[in-house]
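Trainee: Sharing a structure with you now.
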């Protein structure tokens, strides 16, 4: 994968979007103030 800036790496947009949508649609009882990726919580 390349970007307009000629950089390579990452993953397909569709794959990244799944994580963004999941985190953006967490209900009001969901965790806040956390750092997460597709695998769950990440240490600070």
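Trainee: Report every pair of residues separated by at least 6 positions or lying on different chains whose Cβ atoms are under 8 Å apart, first residue within segment 28-40 and closer than 18 Å to residue 17 by Cβ, second exposed (fewer than 10 other Cβ atoms within 10 Å of the Cβ) and at pLDDT 90 or above.
Mentor: Pairs that qualify, where the first residue is closer than 18 Å to residue 17 by Cβ and the partner is exposed (fewer than 10 other Cβ atoms within 10 Å of the Cβ) and at pLDDT 90 or above, are 36/42.
Trainee: Step by step: first the residues of segment 1-30, then only those that are under 19 Å from residue 41 (Cβ atoms) and in a loop (DSSP other than H, G, I, E, B), then the one that is modelled with the lowest pLDDT. Which residue is that? Before you say what the answer is, go through the steps one by one.
Mentor: Let us first name the residues in segment 1-30 that are under 19 Å from residue 41 (Cβ atoms), namely 16, 18-30.
Within this subset, residues satisfying the condition of being in a loop (DSSP other than H, G, I, E, B) are 25-30.
Values: 25: 93, 26: 89, 27: 90, 28: 90, 29: 90, 30: 85.
The extreme case among them is 30.
Trainee: Can you name the residue in segment 35-44 that is modelled with pLDDT of 90 or more and part of a loop (DSSP other than H, G, I, E, B) and, of all such residues, is surrounded by the fewest Cβ atoms within 10 Å (Cβ to Cβ)?
Mentor: The qualifying residue surrounded by the fewest Cβ atoms within 10 Å (Cβ to Cβ) is 43.
The values are calculated or read from the model by the stated rules, or taken from the named source; none is laboratory data. Worth saying up front: this structure is predicted, and the values here are computed from it rather than measured. No Cβ is skipped: glycine too gets one built from the backbone with ideal geometry, and neighbour counts run over all protein chains shown.
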